[in-house]
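The next block holds one structure in the form of structure tokens; read it before the comments.
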Amino acid sequence: MSGVDELKAEIKKLSAKAMNMKMNLHDLSEELPVNWTTIMSIAQETHDAYAALEAARKKLKELEAA
């Protein structure tokens, strides 16, 4: 498997994780004020998931341009 193919597979995993975190954040918002103390940790995990996904997509774009 080439580096591009491996990165595409990684992006697929990161995308699934980001979507899962998005749903967790959404579910939390619907349950408020229950579990309000978890807002910051879930928001940070969601932020980190999307940041990793964006970085991987940028790297893929650079590899495909080369």
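Throughout, read-outs are computed from the coordinates displayed, never taken from laboratory work. Note that the structure is predicted; figures quoted are calculated from it, not measured. Note that each Cβ is placed from the backbone with ideal geometry, even for glycine, and that neighbours are counted across all protein chains shown.
Assorted remarks:
- Residues of the range 14-23 that turn out to be without any contact (Cβ under 8 Å) to a residue 12 or more places away in the chain and in contact with an Asp or Glu (Cβ under 8 Å, 6 or more places away or on another chain), as a count: 0
- Answer residue from the range 22-45, given it is among the β-branched types (Val, Ile, Thr) and exposed (fewer than 10 other Cβ atoms within 10 Å of the Cβ) and is nearest to ASP5 (Cα to Cα) among those: THR37
- Residue in the range 46-57 that is farther than 20 Å from LEU7 by Cα and not in a helix (DSSP H, G or I) present: no
- In summary, LYS17 fulfils each of the numbered conditions (1) outside any helix (DSSP H, G or I); (2) within 30 Å of VAL4 (Cβ to Cβ) with the single exception of condition (1).
- Test: VAL4 is in a helix (DSSP H, G or I) and of a type in the set (A, V, I, L, M, F, W, C): yes
Conditions (1) closer than 30 Å to ALA65 by Cα; (2) in contact (Cβ under 8 Å) with a residue 40 or more places away in the chain; (3) touching a Lys or Arg at 6+ places or on another chain (Cβ under 8 Å), marked per residue:
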{"position": "ASP5", "(1), (2), (3)": "yes, no, no"}
{"position": "LYS8", "(1), (2), (3)": "yes, yes, no"}
{"position": "LYS12", "(1), (2), (3)": "yes, no, no"}
{"position": "LEU25", "(1), (2), (3)": "no, no, no"}
{"position": "GLU30", "(1), (2), (3)": "no, no, no"}
{"position": "PRO33", "(1), (2), (3)": "no, no, no"}
{"position": "THR38", "(1), (2), (3)": "no, no, no"}
